[in-house]
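The values are calculated or read from the model by the stated rules, or taken from the named source; none is laboratory data. None of the values given here were measured: they were computed from a predicted structure. Every residue, glycine as well, gets a Cβ built from its backbone with ideal geometry; the counts of neighbours run over all protein chains shown. Note: areas computed on protein heavy atoms with side chains; ligands, DNA, RNA excluded. Shrake-Rupley method; radii C 1.70, N 1.55, O 1.52, S 1.80 Å.
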Amino acid sequence: TYTATPKGSASFVTLEDGNRVLSTGNNNGYLDLGTQMARNVFAQLKYDYTISLDINVCIPNSLGSFCWAWAIGNGTGQYSALVNKAGNSDWYYEIKNSSAYMAYSSQGPREEEWHTVTAVQKGNTCTIYVDGVRKNSTTTSIHPSEFASSITQSWLGRSPYSADAYMTNAMMDNFRIYAKALTDEEVKMVADARPKQQAEEEDEVTFPVIFDFSTLSDTAEQFTGTLKNG
């Protein structure tokens, strides 16, 4: 229905496993998804929704600066976005319509590895997940439909702020928008559907393996447990 346009050094590349992905390259590369798509889709997001992206940030990159995996909105006053905090210390989902609300993951995904980052809004609660694991939530009264008709940018790999960096040398796949709030189980299914990396297939483990029970995952986020029977 809609046609996207690669900009700058962005291109589509085929990986060794045959999977075709977006590569942003190293010279202001990004993908323009088109404002018509964004306006039509966001106009339907009046209530619950989910936005998810598979991303692998290679080396060298721009993670030392603020850079955005995706941004759909109108300038710097209205948008829905996945943002890397400078220093790769905290990726977060942000929705803004004059006032801004952020759901922080409190982590930076590891370089040279595929990750699935998912934002879910159910009612007035926005939650961010990394690799199928719930991280944090924030409360907001904003929904994307409120600024759908004003959208002027719909980008993967570019920020609306001129001072921010482009998402350099990043590979992206499976940008998904759902007009429903996926459950925790469904978010994990989306993450698990991503092709496994060779390192994961070879069962490489970072030692020591520590479960401090601050989350369901070990501290290196290699393994995720499940609470059972209360």
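When the criteria are applied in full, Asn88 fails the requirement of being out of contact with any His (no Cβ under 8 Å at 6 or more places or on another chain) and assigned to a strand (DSSP E or B). Restricting the range 130-159 to residues that are polar (S, T, N, Q) and assigned to a loop (DSSP other than H, G, I, E, B), the residue that is nearest to Asn61 (Cα to Cα) is Ser159. Among the candidates Asn40, Asn26, Asn61, the residue that is open to solvent by 50 Å² or more (accessible area, probe 1.4 Å) and closer than 20 Å to Ala10 by Cβ is uniquely Asn26.
For the range 106-129, a residue qualifies if it is open to solvent by 40 Å² or more (accessible area, probe 1.4 Å), on the phi < 0 side of the Ramachandran plot and in a loop (DSSP other than H, G, I, E, B), and the qualifying residues are Arg110, Glu111, Glu113, Asn124. Scanning the range 65-85 for residues that are surrounded by fewer than 19 Cβ atoms within 10 Å (Cβ to Cβ) and free of Cβ contacts under 8 Å to residues at least 60 places away in the same chain, which turns out nearest to the chain's Cα centre (by Cα)? Among residues in the range 65-85 that are surrounded by fewer than 19 Cβ atoms within 10 Å (Cβ to Cβ) and free of Cβ contacts under 8 Å to residues at least 60 places away in the same chain, the one nearest to the chain's Cα centre (by Cα) is Lys85.
Scan the range 173-225 for residues that are among the aromatic types (Phe, Trp, Tyr) and either open to solvent by less than 80 Å² (accessible area, probe 1.4 Å) or at pLDDT below 85 (or both) and the total you get is 2.
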